[in-house]
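Working notes for the structure below.
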Amino acid sequence: MTALKLLSQTKLYWGLIAIFLIGVLASPMSSKGNNIFLSYGNLLDVLRQVSTTGLIATGMTAVIITGGIDLSVGSLMAICSVVCAMLLTVPGVTPGVVLGVPTVALVALCLGFVVTRFIFQNLAKSRAGADVAREVRLDGIRGLVTPAVVGVVLCCLSLWYLLPQIDSKFGVLGVLLVAPCVGLLFGTLNGFIIVAGRLQPFIVTLAMMVTALGIARLTAGQNNAVLPVYTGSNATADFEILRSLVFGIIPMPGLFFLGAILIYGAVLRFTPFGRYVYAIGGNEEAARLSGIAAGRVKIATYAISGLLAGIAAVLYVAQYRQGKPDAGAGLELDAIAAVVIGGTSLMGGRGSLTGTFCGVLIFGLLSNILQLHNINSNLQLVLKGMIIIGTVLVQERNAGDLLAYLRLPGGQTARKETAAAKRPSQETSSLNLGGNKK
C-alpha cells in the first residue's frame, strides 16, 4: 500500500522519465551512428523552445491555483513583442515609446508606493505583535508621505534612464524594463476588473485577449505585420546576448525560465503570499472570513502572470528576430495544458511549480520526439490532445469513473479506490485553509 501511494505521488516524474526513455529508444540515428535525441544540441534546443511557454505557464500556475484562468497571456506577449521590437529598431517617438515609457513611469510610481507601505505595515505588525492577516493603521508620514516620495523617486529614475534612449534606440536593459512593465500593467488591469467587478476570470481575460490583440496591431501599424530585428544591423549588437549560451552550457532563455520557476516556487511554498494563494483556491469565502485580503492576492497573481508574459516576449524577439501582433497566438492554451499536465487542478487549491516544470518538459520532449520522426503537424495536434486528456484523467483520478462508465474490466474496482482516495482529501481541504500542495 505504501509503495502504491508513493507511486501515485510520483507519477508525474515517472511520466517524464517514460517520455524521455521513449525519445531515447525511438530516436533516429545520425550518419555517424549517434543518437540524435540524446545529442547535446537537441536537448539544448528543447530547453530553448520550452522557455517561452514555460515562463507563461509559471505565471499561469498561481492564477489557476486561485481558481482563475488567464486567456490573455498570448496576446499580452504579442503586444510586448511589438513594443520590444519597435523600441529596438525605430528611433524617435513611436507608438511603442508612447505606450511603453509612460507605463514604466506609472509602474515605478505604484510599485514604490505599495512596496514601501507594505514594509512599514509589516514592521508595525511585528512591533505590535498583531496577527499577520490583520490590518495595522499607519500614521500619515509612514502610510502616505514616505511611500509617495519613494514612488516619485523611482518614477523619476526610470524616466531619467529611458528618455535619453528615445532619440537613438533602446538597449537590452531598456527593453527588459519596458516590455515586462507593459505586461504587468495589463495583467494588473485583468485582476482589478475581476476583483472589483466580481466577474468571471474567463470572460475578463477573454475580453483582454481580444483587446490586447487590437492594441498590438494598432501599435505595429497597418503595414507592419512583422517587425524584423537584426542585431548589429537595425538593432544594438548587445541584444544578441539573449540568444547566447551562459558559460557555454545553458541557453539564456532557459536560464530565465529556471530562475522564474525557482523564485516563484519559493514564494508559493515558503511565504504567506503562497499560503494565501492556496487558501483562496481551496475556499475563497473561508479565506476572506479568516482575514486574508483575497482581492489583493488575486490581483497580484494576474499582475505577475502579465509580467512573465512580458519577459517571454523579449526572449521571443531575441530568438525569432521579430516582433509581431500574433506572436503569442494559441500560446495560452499550451501554457494551460502544461500546467494541467503538471497536476494543477483547474478547480483551484492544488498544484505546484515543480509539477508545472515537469509538465512543460513533457510537452516539449513530446513535440521534439514527433518532430524528429517527421510526424505530420496535424497528427501532432491530435496526439497532443489525446495525451492531455489521458494525463488529466490520471491526475484527477477519474480514470476509474471512465472505465466504469464504459463497463470495462477493472472499472468498478478503480472507481471504489478513487472514491476512497478522494474522501479523506476532501475532508482535509475543508479544514485546511492552506490548500493541498501535493
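Between Arg296 and Leu206, residue separation times 0.36 nm minus the direct Cα-Cα distance comes to 30.3 nm.
On the principal axes of its alpha carbon atoms, region 178-260 extends 49, 36, 17 Å, with the longest extent given first. Under 5 Å from the amide H of Thr231 lies no amide H of any residue 5 or more positions distant or on a separate chain, with H modelled from the backbone and absent for Pro and chain starts.
Oblate is the label for region 129-246. Its Cα gyration tensor axes, ordered a ≥ b ≥ c, give a/c of at least 1.5 and b/c at or above a/b. Semi-axes of the equivalent ellipsoid for region 203-362, computed as √(5λ) from the eigenvalues of its C-alpha gyration tensor and ordered from largest down, come to 33, 21, 14 Å.
Taking the inverse of the mean reciprocal distance over all distinct Cα pairs, the Kirkwood hydrodynamic radius of region 1-126 comes to 20.2 Å. Relative protection proxy for 351-363, 85-97, 192-204, from highest mean packing down: 351-363, 85-97, 192-204 (other beta-carbon atoms within 10 angstrom). Amide H contacts of Arg350: Ser345, each under 5 Å away and 5 or more positions distant or on a separate chain (H built 1.01 Å from N in the peptide plane; Pro and chain starts excluded).
Coordinate-derived values only; no laboratory data. Quick caveat: nothing in here was measured; it's all calculated off a predicted structure. Positions of Cβ are backbone-derived with ideal geometry, glycine not excepted, and every protein chain shown enters the neighbour counts.
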